[in-house]
Every structure is written in C-alpha cells, then in structure tokens.
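J.: Here it is: the structure, laid out below.
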Amino acid sequence: MTFQNTAPDRRAELKARYRQAILDAADALIRERGKPQFSVDELAERADVSRRTVFNHFASLDDVIMTTCTRMLSATVDEFRAATASSPAGDGSSEGLFDEIATALRNIDLPPVVAYLAGILTAEGENGRSQHGISDVFTRTTEQFSTEMAARTNAIDEFEVAILLSSVMNGIAVVSGHWLARTGGALDAVSRTVWNELLDRLIVTIRTGYAPSH
C-alpha cells in the first residue's frame, strides 16, 4: 500500500490562505478608509495573523499595497482574456496580434480601475503610502498579458510578444496619467469620451510601428 505525503500540499494551502487573508484585509482597510493608511499591526490584526506572518509573505507594507492594486487589475486581465478568447485568432503576425489587443482594450472598462488605483497610489501620509505609480501596477501585469497572447500565435516568439505588450502597457499607463490630469478621475460620459480619444491616439501611434512595409 502506498501513502502519499500530503504535508507539502497542506503547507502550500495554508500559505495561500494566509496570503489571501492579508490581501483581503488590505483591500478592506483601503476601502473603509479611502486610502492605504494603516500600519502593519493593524493589517495583521484585521487578517488575524501575526506581524511576522505578514513579512513572511510580503517584503514590506508597500509590497502589500502594490500587490493589492495588481490583484485589482488582474480582474481586468480576466476581462481581457475573455475578450480575446471570444474573437478568432488572427494570422499570428505582430500586426494581427496588435489588432487583437487593440480590439480587446476598446472592449474592457479600464477607467474605473484607473480611478481606483489613482486613489490608492496618491494617498497622503506615511502609513501605508505607496511610493510607486500606476505604471508600476501595469508593469506587474505585463507578464500575465504576455502569457495570454503568446499562446495566440506561433508566428512570433515570446520575446516579441513581451516587447509588444510592454509597449501597450506602458502606453496605457501614459494614457491613464493624461486622463487623470484632464478629468480628475471622474466617471461620467465626458471623461469616458476623453479616455476613448486618448486610447485611440495610443493605438494609432503604436500601430505605426507594426505596420506592414510597402
């Protein structure tokens, strides 16, 4: 009779549970207070873990906040995945892949996510303040996007896909900054028109770099 050692699985499950509890607690505190203004001790108490456990999973409080922001954006990655999966794969070229990405970006609702992230990452005060910006959050998700899109083509390699996605994600971060400056992060019809205009300009600008030679 063979007995499987389940201890590693249980440890992994416990680690995942603690990590999830910490992130859920951070998200709850941010939403309650409107800003990421809380201490490690407050976070640990809300997550029902020790201070040491927090640092076993995250390098700093800032890391917790950035991971919470990234998790928020990851929901958009799921939306992006659904948008690309529902459309037929193109010819596998850089141009075709970029067209798929552009279509998906036009079909997902990024302004609320950007407004939420801006509220967190521009928090005043020292406790829990993140020194990063929206561009850092988008950069953290680039790998997820790259993995999704690399599976859509055999014509270009993962390196080229990563470059394309980096260009897009950096561009979205720039769009976000200009959109916030012009609208203050409002979510009305006017601000969404501004977002769409900026997004269209981004797509046109990047597409010129992937246009077929004539």
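Only the coordinates and a few stated rules stand behind these numbers; no lab work does. On a predicted model such as this, the values are computed, not experimentally measured, just so you know. Glycine also receives a Cβ, built like all others from the backbone with ideal geometry; neighbour counts cover every protein chain displayed.
J.: Applying the Karplus parametrisation 6.51 cos²θ - 1.76 cosθ + 1.60 with θ = phi - 60° to the phi angles of region 102-110, what ³J(HN,Hα) value in whole Hz is obtained for each residue in order, glycine and proline being reported as x?
T.: 4, 4, 5, 4, 6, 9, 9, 9, 7
J.: Here's another thing I want to ask about it. Place a point 7 Å from the Cα of Glu13 along the Cα-to-Cβ direction; which residues of region 21-56 have their backbone N under 19 Å from it?
T.: Output list for this probe position: 21-22.
J.: Under the 0.36 nm per residue contour assumption, what length would be gained going from the current alpha-carbon distance of Arg52 and Glu160 to full extension?
T.: Stretched out fully, the Arg52 to Glu160 stretch lengthens by 34.8 nm.
J.: A further question on this structure: Pop the C-beta distance of Thr139 and Val190 into the FRET formula with R0 = 22 Å and round what comes out to the nearest 0.05.
T.: Working from the Cβ atoms, E equals 0.15.
J.: Ala28 to Asp200: FRET efficiency via 1/(1 + (r/R0)^6), r the Cβ-Cβ distance, R0 35 Å, to the nearest 0.05?
T.: 0.45
J.: Cα gyration tensor of region 1-58, axes a ≥ b ≥ c as square roots of the eigenvalues: rounded (a/c below 1.5), prolate (a/b > b/c) or oblate?
T.: It comes out prolate by the Cα gyration axes.
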